[in-house]
Amino acid sequence: MKILLLDNSSLKPVNGDYCIEPKTGYFAKELLGLDNEVTLYGQKVKTQDQFHSFKLIENGLGVVGLDRRRNKLLNYLFLYLRVIPEILKNDFVYIFYPSAFKYVAVICWILRKKYGLYIRGQQGVNDKLSHFIYNKAKTIFTVTDGFTNLVKNITEKENVFTIRPMIPFTVNDIIVDRNYNSEPPFKILYLGRVVADKGLGELIKAISILKDKINKIELTIVGDGSFIPNIKSMVHEFKIEDCVKLIGNVVDPIEIAEYYTKSDVYILPTYHEGFPRTLYEAMIFGTPIITTFVGGIPGIMKDGYNCKRIEPKSVKSIVDGLEFAFCNYNKMIEYAKNGTDIVYNILDPERPSHAEHLNQILKKDSNLN
């Protein structure tokens, strides 16, 4: 089957190839390995970030896109016009939703081309256009059971499913009896995209307050993104160079696992989310979690059971959350152990992967036809 895939990130030109973020890349490659032709569509953007690291052409995937124009209106006008022949060439269109390409679903409906959605966040979930797009989709996948039930209630259909997390770890990676280090410094980890809406500005301000309250505190930021210059400036302004480490992007699963296991807590002060993979990863490696409860996060995370809740955009809440973790670390360890039980069920090896599940639906549909 020929599948056209539209995620919500750009295509990064690199030495005659194009790169995207690894999760989407491995998902597309798995679809390819299930006897499909897969083409990714998007806008080509030259960037220095390390987040886009998965090479498409090298991995046998098709690429179609346009260079980004300065005029935003013209940019998306040409992108929407250029996608029409690609829709017609392919058997199925799979759209990461919501994104700038959400109207592609409407074009598919007009052209009578089957499409599916991968819903990753709450944005637009209550508007009429989204409801129309949900109802016309062949199949829908979401990141949590909470989102799945919400969309099912909207569509009154049974074609909505929860994915198995798109992470490079399995039940075999789960650490059941982790040893926790009680020696200073108190090590805090943030791992993910380094952008403002992850709450990193508030986190840096919180560290500047806590450095005088907690003996030897250390924040490690693993990731890449547009907010790095801001963080460097804030770190210098608050004179906390000895408390903050900027690592850059890391894609090797072994290295990622080491950052979790060497940290005392994982913190996610994000403003909005679908359900972030990093919370699954922290639970896998037994790292106590401090997080906001936005988007799909409350569907799995429970305050006082498998995490400590903080409020978005609140420096005080981050300070209070980290002080609680530092002063009540045995309780945080209990939360982490409860998280281990939860993530084991989520990573059930009997469940098909996202790509396998989508492929099953598409093959069944083609056989019926």
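Count, please, the residues in segment 22-74 that happen to be out of contact with any strand residue (DSSP E or B) (no Cβ under 7 Å at 6 or more places or on another chain) and at pLDDT below 90.
9
Being modelled with pLDDT of 95 or more and either of a type in the set (Gly, Ala, Ser) or within 27 Å of His354 (Cβ to Cβ) (or both) narrows it down to one residue among Gly225, Gly201; which is it?
Result: Gly201 is the single residue among Gly225, Gly201 that is modelled with pLDDT of 95 or more and either of a type in the set (Gly, Ala, Ser) or within 27 Å of His354 (Cβ to Cβ) (or both).
Determine, yes or no, whether Ile140 is surrounded by 15 or more Cβ atoms within 10 Å (Cβ to Cβ) and over 21 Å from Tyr280 (Cα atoms).
Here the answer is yes, as Ile140 does meet what is asked.
So Glu281 clears everything in (1) touching a Leu at 6+ places or on another chain (Cβ under 8 Å); (2) assigned to a loop (DSSP other than H, G, I, E, B); (3) not aliphatic (A, V, I, L, M) except one condition, right? Which one?
(2)
Considering segment 109-131 alone, what residues qualify as being touching a residue at least 24 places away in the same chain (Cβ under 8 Å) and hydrophobic (A, V, I, L, M, F, W, C)?
Trp109, Leu111, Leu117, Ile119, Val125, Leu129
For Pro269, which of the numbered conditions (1) without any contact (Cβ under 8 Å) to a residue 60 or more places away in the chain; (2) under 19 Å from Lys211 (Cβ atoms); (3) touching a strand residue (DSSP E or B) at 6+ places or on another chain (Cβ under 8 Å) fails to hold?
Condition not satisfied by Pro269: (1).
May I ask you to list the residues in segment 172-214 that are of a type in the set (Gly, Ala, Ser), closer than 19 Å to Lys316 by Cβ and surrounded by fewer than 21 Cβ atoms within 10 Å (Cβ to Cβ)?
Residues satisfying the conditions are Ala196, Gly201, Ser208.
Restricting attention to segment 84-105, which residues are closer than 26 Å to Ser226 by Cβ and either polar (S, T, N, Q) or surrounded by 19 or more Cβ atoms within 10 Å (Cβ to Cβ) (or both)?
Hits for segment 84-105 are Ile95, Phe96, Tyr97, Pro98, Ser99, Phe101, Lys102, Val104.
The values are calculated or read from the model by the stated rules, or taken from the named source; none is laboratory data. None of the values given here were measured: they were computed from a predicted structure. Glycine gets a Cβ as well: all are built from the backbone with ideal geometry, and neighbour counts include every protein chain shown.
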